[in-house]
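Novice: Handing you this structure, nothing more for now.
The values are calculated or read from the model by the stated rules, or taken from the named source; none is laboratory data. Small disclaimer: the values here were computed from a predicted structure and weren't measured. Counting neighbours? That spans all protein chains shown, and the Cβs are built from the backbone with ideal geometry, glycine included. Areas reflect the complete protein model, heavy atoms only, side chains present, ligands, DNA and RNA absent. Shrake-Rupley method; radii C 1.70, N 1.55, O 1.52, S 1.80 Å.
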Amino acid sequence: MQKIKTVLLSYGMSGKVFHAPFLELHPGFELLGSWERSKKIIQQDYRNVRSYGSLEEVLDSDADLIIVNTPVGTHFEYAKKVLLAGKHVVVEKAFTTTAAEAQELVDIATEKGVKLSVFQNRRWDSDLKTVRQVLLDGVLGDIVEAEFHFDRYNPLLSPKQHKETANAGAGILKDLGPHLIDQSLYLFGFPQAVFADIRTTRENSLVDDWFDILLYYPDFRVRLKAGFFVREANPAYTIHGKKGSFLKPRGDVQEDELKLGTKPNLENWGTESIEKEGLLHTEIDGKLVLEKTPTLQGNYYDFFDGVYDSISNNKEEPVTGQDGLRVMQIIEAAIQSSAQGKAIAV
C-alpha cells in the first residue's frame, strides 16, 4: 500500500485528538510530524516524527498531504500556499472565512491537479449515519420539516483568544455552524433561500454565540440551531414526514473517547450506548410503528480512508472543496439575512 506522507499544521487539540490517531491507525498514511510554534510535544506521542519550525519547512518537506488544522482565520492563507506548492490539502471547518476565498482554493486545486478536502468528520458520527439511513429507508414519507441542534451549556468564554476576539473566523456560526449546515446539505441538498437570526448571549462576549437558521426547500424546511445556554438538550435531530417522525438525541462517543486518549479501532469504535437510540414513530405497510431504532456505528476512520482513496486512486474526495464552498455560501447568506431581517435567495 502506497504511504501518503502527511504533516499537520498544528498539534493542539485537533491534531492530537482528531487527526493523528487515525493517521496512525490507517496503513496508507505516514505521519511525518507537525508544525509546532511554542510547545514541542508531538514527539512525546509519536517518537519518530519531526517538529517543524515553520510553514516553509513543511512545504520543503517530502509530504504529499498537509492538514490545515489551524485557527479559521489562517485557513485560506495556509491552504493556498500548500496548494500552490503542489501538495494535497485537508482543511478543517470552517473551510475559509468567505465564499470568495473558498472559490479561490477550489480553483487553485483544480489548476494544480491536487486533492482538496474539508474535514467534516461529523458526517461519520453515529447520529448522522443513523438519521441518513432512516431517510434512505423512506419510512417517514415525504419530509415536511427537520430540525438539527448542536446544544451546549457553557456560559464561560473560551480561554482560546482566537475564538473570543472579534475576527473573521470567530463565533459559533463558523464553529458549530459548518457542522450543522454541512449535514443538512449532505442529507437534503442545496436550499433555495436562507433566513437567519444570529445573536450574542454570553456576558462580555465579543462574538456571535447563538444562531437560528432556516433553510427553504421547495416542499419542506430545515431549521439549524446552536447556542451555549441549553442545560437540558433538545433532540439533536428531529425529522417529521407525512408518514411519521424520527427523533434522535446526540450520542456519538468518538470525541469524548479521543479526548480521553482512547485509540480508535476498526471493530467496536464509535459504538453508542443503547440509551441514546432514536425514536421512530411511523406507519409501515399500514401498521403503526413506535419503536427505538438501533444506532449505526460511527467512525472518523472512514473520512481518512476516503482521503486515501482520493489521492491514491484519483477518486472524489470524501468531502469536496465544492462542499466547503456551499457551506460558506450558506454562512454568508445567514449573516446577510440576520443583518437585513429577511430571507436571502441562494
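Novice: Any residue in segment 99-113 that is in contact (Cβ under 8 Å) with a residue 12 or more places away in the chain sitting within a Cβ distance under 8 Å of a residue that is open to solvent by 20 Å² or more (accessible area, probe 1.4 Å) and outside any helix (DSSP H, G or I)? List the pairs, counting only those 6 or more apart or interchain.
Specialist: From segment 99-113, the pairs are A109/K115; K112/G86.
Novice: Tell me, which residue of segment 171-188 that is touching a residue at least 40 places away in the same chain (Cβ under 8 Å) and assigned to a loop (DSSP other than H, G, I, E, B) is least open to solvent (accessible area, probe 1.4 Å)?
Specialist: The residue in question is L176.
Novice: Looking at (1) closer than 25 Å to A94 by Cβ; (2) open to solvent by 60 Å² or more (accessible area, probe 1.4 Å), which one does L55 not meet, given that it meets all the others?
Specialist: With respect to (1) closer than 25 Å to A94 by Cβ; (2) open to solvent by 60 Å² or more (accessible area, probe 1.4 Å), L55 is out only on (2).
Novice: Identify all residues within segment 26-52 that are touching a residue at least 40 places away in the same chain (Cβ under 8 Å) and crowded, with 18+ Cβ neighbours inside 10 Å; write none if there are none.
Specialist: Within segment 26-52, H26, F29, Y52 meet the criteria.
Novice: Follow-up. Quick one: what pairs do we get from segment 302-318, first residue open to solvent by 50 Å² or more (accessible area, probe 1.4 Å), second assigned to a loop (DSSP other than H, G, I, E, B) and of a type in the set (G, A, S), C-beta under 8 Å, 6+ apart or different chains?
Specialist: Here the result reads D305/G28, each pair linking segment 302-318 to a residue that is assigned to a loop (DSSP other than H, G, I, E, B) and of a type in the set (G, A, S).
Novice: Does at least one position in segment 245-254 carry a residue that is of a type in the set (A, V, I, L, M), in contact with a strand residue (DSSP E or B) (Cβ under 9 Å, 6 or more places away or on another chain) and open to solvent by 50 Å² or more (accessible area, probe 1.4 Å)?
Specialist: Looking through segment 245-254, at least one residue is of a type in the set (A, V, I, L, M), in contact with a strand residue (DSSP E or B) (Cβ under 9 Å, 6 or more places away or on another chain) and open to solvent by 50 Å² or more (accessible area, probe 1.4 Å).
Novice: Here's a follow-up. Please go through segment 116-132 and give me each residue that is more than 20 Å from G15 (Cα to Cα) and crowded, with 21+ Cβ neighbours inside 10 Å, ordered by number.
Specialist: Of everything in segment 116-132, those that are more than 20 Å from G15 (Cα to Cα) and crowded, with 21+ Cβ neighbours inside 10 Å turn out to be S126, D127, L128, T130, V131.
Novice: On the basis of being open to solvent by less than 40 Å² (accessible area, probe 1.4 Å), within 28 Å of K315 (Cβ to Cβ) and either modelled with pLDDT of 95 or more or β-branched (V, I, T) (or both), does L84 make the cut?
Specialist: When the stated conditions are applied, L84 does not pass them.
Novice: In addition: What is the number of the single condition among (1) over 20 Å from the mean Cα position of the chain (by Cα); (2) touching a residue at least 40 places away in the same chain (Cβ under 8 Å) that A168 does not meet?
Specialist: Checking A168 against (1) over 20 Å from the mean Cα position of the chain (by Cα); (2) touching a residue at least 40 places away in the same chain (Cβ under 8 Å), the one that fails is (1).
Novice: Which of the residues that make up segment 198-244 are open to solvent by 30 Å² or more (accessible area, probe 1.4 Å), farther than 23 Å from F188 by Cβ and of a type in the set (D, E)?
Specialist: E203, D208, E232 - these are the residues of segment 198-244 that are open to solvent by 30 Å² or more (accessible area, probe 1.4 Å), farther than 23 Å from F188 by Cβ and of a type in the set (D, E).
Novice: Looking at segment 1-18, which of its residues are without any contact (Cβ under 8 Å) to a residue 60 or more places away in the chain and open to solvent by less than 10 Å² (accessible area, probe 1.4 Å)?
Specialist: Correct list: G15 only.
Novice: Go through segment 189-296 and tell me which strands (runs of 3 or more DSSP E), entirely inside it, have 1 or more residues that are in contact (Cβ under 8 Å) with a residue 60 or more places away in the chain and basic (K, R).
Specialist: In segment 189-296, the matching strands (runs of 3 or more DSSP E) lie at 221-227, 245-248.
Novice: Failed condition for V327, given (1) open to solvent by 20 Å² or more (accessible area, probe 1.4 Å); (2) under 14 Å from the mean Cα position of the chain (by Cα); (3) among the hydrophobic types (A, V, I, L, M, F, W, C), with all others met?
Specialist: (1)
Novice: Within segment 1-52, track down each residue that is out of contact with any Pro (no Cβ under 9 Å at 6 or more places or on another chain), in a loop (DSSP other than H, G, I, E, B) and of a type in the set (A, V, I, L, M).
Specialist: L9, I41, V49
Novice: Any residue at all in segment 140-156 that's surrounded by 14 or more Cβ atoms within 10 Å (Cβ to Cβ) and of a type in the set (S, T, N, Q)?
Specialist: Scanning segment 140-156 turns up no residue that is surrounded by 14 or more Cβ atoms within 10 Å (Cβ to Cβ) and of a type in the set (S, T, N, Q).
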